[in-house]
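Read through the structure below, which is laid out as structure tokens, and then see the notes.
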Amino acid sequence: MSLFKKSDSNNIYLDYAATTPVSPRVFDAMKPYFSEDFANPSSLHLSGQKARAALDKARHDVADILEASWREVFFVPSATHSINLAIRGLVSSADNPHIITTNIEHSAVLNTCRSLEKEGVEVTHIPVDEKGLVDPEDIKKALKDNTVLVSVMYVNNEIGTTQPIKEIAGILKGHSAYFHTDAVQAANYLDINVQELGVDMMTLSGHKIYGPKGSAILYKKEEVELQPLITGGEQERKLSAGTENMPAFIGFTEALKETEELKNAESARIKKLRDAFIKKVLKEAPGVGLNGSQDKRVPNNINIYFEDLASEVLIPLFDAEGVLVSGGSACTSRTPEPSHVIAALGREEYAKNSIRVTLGRSTTQKDIEKAADVFIKIAKNNN
Ligand code: PLP
């Protein structure tokens, strides 16, 4: 299934965790909202009311997928915005707040917590084991009377490991702390039913699920009270002021619906390709290994370390072969810092030497076979 015209020839895009193309179905759903149905949903005329009705319907559709109430779904400009709203919005009105998070979070969580720490908020960073997994017991031990928030990512963006969200939610039952999960990398493959997961807040991003950039949602239980990050109009019940980005929010909703429909079939298809790649590369490429658990991991993620080669050197080598991969998180890949995620696995020596390969809807068996051959060739040439 090809989602986008391969304008740059035969390149094999294997960076779907960084971003996905907008799917044709999503693009079609968005189109009318640019220049036909462009009215402001806050306008009282009929065109405005039509836009309001479309936005309300989108909110209900998202809520149905999450098994939430429409009142609990907030459209926001990015997952980063949602995460800031969940964390800062909660702690800003708390007295002497304590937050628990993990040491492998995306920079949206990590840097928000760091910044709050500078403002005097107490933050506990739970370590992961060598496979990249959090032990729920560690969260239990870290809980204090003044813990107001536990934020644990559902799926890690670099190594794809899945955290035991339900178990953590179980541990938090009976404690007053709220539970937020960054589910940005989970939505394509895992269950995002908030009742099943037992979370109080959850963040999703449109551009990781074949929707547009600049679209995201925060799910928030009604009882969770947040302070807005910015002041302005009354949009999103005052939690995200500013005229609603209708094409983006309609696109997000269509993307989430399509993702739900494709989830099971795509997970099975991609997992097969992923496992074949890992098996071949680990067997035939010298001086490489897999980062993170192989089974507790989303189906599309592969993260390989090279014993003696830095990702800065490797990425252009892959690029020259037409294989587009990344060195870890897209948000930090321009800073040649070692990966905090690989370091957290106890593999500091490979924190600058790891390559993330992420598969998606357009990835074919042929693509994956070619990519594996390129991995093996590069490893052999440089060993
Ligand atoms: N959280 C995770 C796990 C991510 O992978 C990303 C994007 O890379 C984000 C948050 C931030 O998403 P956005 O680009 O929508 O702000």
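Of all the residues in region 43-77, those that are closer than 22 Å to E260 by Cα and outside any helix (DSSP H, G or I) number 8.
Candidates are the residues of region 318-345 that are in a loop (DSSP other than H, G, I, E, B) and at pLDDT 95 or above; the one that is nearest to the ligand (Cβ to nearest atom) is S339. Each residue in region 171-196 was checked for being closer than 20 Å to K220 by Cβ, without any contact (Cβ under 8 Å) to a residue 40 or more places away in the chain and more than 11 Å from the ligand (Cβ to nearest atom), and 6 of them qualify.
Here is a yes/no grid of residues against (1) surrounded by 22 or more Cβ atoms within 10 Å (Cβ to Cβ); (2) more than 16 Å from the ligand (Cβ to nearest atom); (3) modelled with pLDDT of 95 or more:
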site: L14; (1), (2), (3): yes, no, yes
site: V26; (1), (2), (3): yes, no, yes
site: S43; (1), (2), (3): no, yes, yes
site: S82; (1), (2), (3): yes, no, yes
site: A86; (1), (2), (3): yes, no, yes
site: A94; (1), (2), (3): no, yes, no
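Going by the structure shown, is Y154 of a type in the set (F, W, Y), away from the ligand (no atom under 16 Å from the Cβ) and either more than 30 Å from D15 (Cβ to Cβ) or touching a Ser or Thr at 6+ places or on another chain (Cβ under 6 Å) (or both)? Spelling it out, it is not the case that Y154 is of a type in the set (F, W, Y), away from the ligand (no atom under 16 Å from the Cβ) and either more than 30 Å from D15 (Cβ to Cβ) or touching a Ser or Thr at 6+ places or on another chain (Cβ under 6 Å) (or both). G251 satisfies every condition listed in (1) assigned to a loop (DSSP other than H, G, I, E, B); (2) in contact with a Pro (Cβ under 7 Å, 6 or more places away or on another chain) except (1). Within region 18-30, residues that are assigned to a loop (DSSP other than H, G, I, E, B) reach partners that are charged (D, E, K, R) and within 15 Å of the ligand (Cβ to nearest atom) with beta carbons closer than 9 Å, at six or more positions or on different chains, in the pairs A18/K208; A18/R356; T19/K208; T19/K213; T20/K208; V22/K213.
Here's a check for you: in region 211-241, which residue that is touching a residue at least 24 places away in the same chain (Cβ under 8 Å), over 9 Å from F252 (Cα atoms) and aliphatic (A, V, I, L, M) is nearest to the ligand (Cβ to nearest atom)? Out of the qualifying residues, it is L218. Which one is surrounded by the most Cβ atoms within 10 Å (Cβ to Cβ) among residues in region 183-210 that are of a type in the set (S, T, Y) and not in a loop (DSSP other than H, G, I, E, B)? Only one residue fits best here, namely T203. Taking the residues in region 97-125 that are farther than 13 Å from I87 by Cα and touching a helix residue (DSSP H, G or I) at 6+ places or on another chain (Cβ under 7 Å) as candidates, determine which candidate is farthest from the ligand (Cβ to nearest atom). My answer is T124.
Taking the condition surrounded by fewer than 20 Cβ atoms within 10 Å (Cβ to Cβ), in contact (Cβ under 8 Å) with a residue 40 or more places away in the chain and in a helix (DSSP H, G or I), does I315 pass?
Working: surrounded by fewer than 20 Cβ atoms within 10 Å (Cβ to Cβ): yes; in contact (Cβ under 8 Å) with a residue 40 or more places away in the chain: yes; in a helix (DSSP H, G or I): yes.
Against the criterion (surrounded by fewer than 20 Cβ atoms within 10 Å (Cβ to Cβ), in contact (Cβ under 8 Å) with a residue 40 or more places away in the chain and in a helix (DSSP H, G or I)), I315 qualifies.
Would you confirm, using the coordinates I've provided, whether K208 is under 22 Å from S23 (Cα atoms) and within 16 Å of the ligand (Cβ to nearest atom)? Here the answer is yes, as K208 does meet what is asked.
The values are calculated or read from the model by the stated rules, or taken from the named source; none is laboratory data. Remember, predicted model here, so these are calculated numbers, not experimental data. Here Cβ is always computed from backbone atoms with ideal geometry, including for glycine, and neighbour counts include all displayed protein chains.
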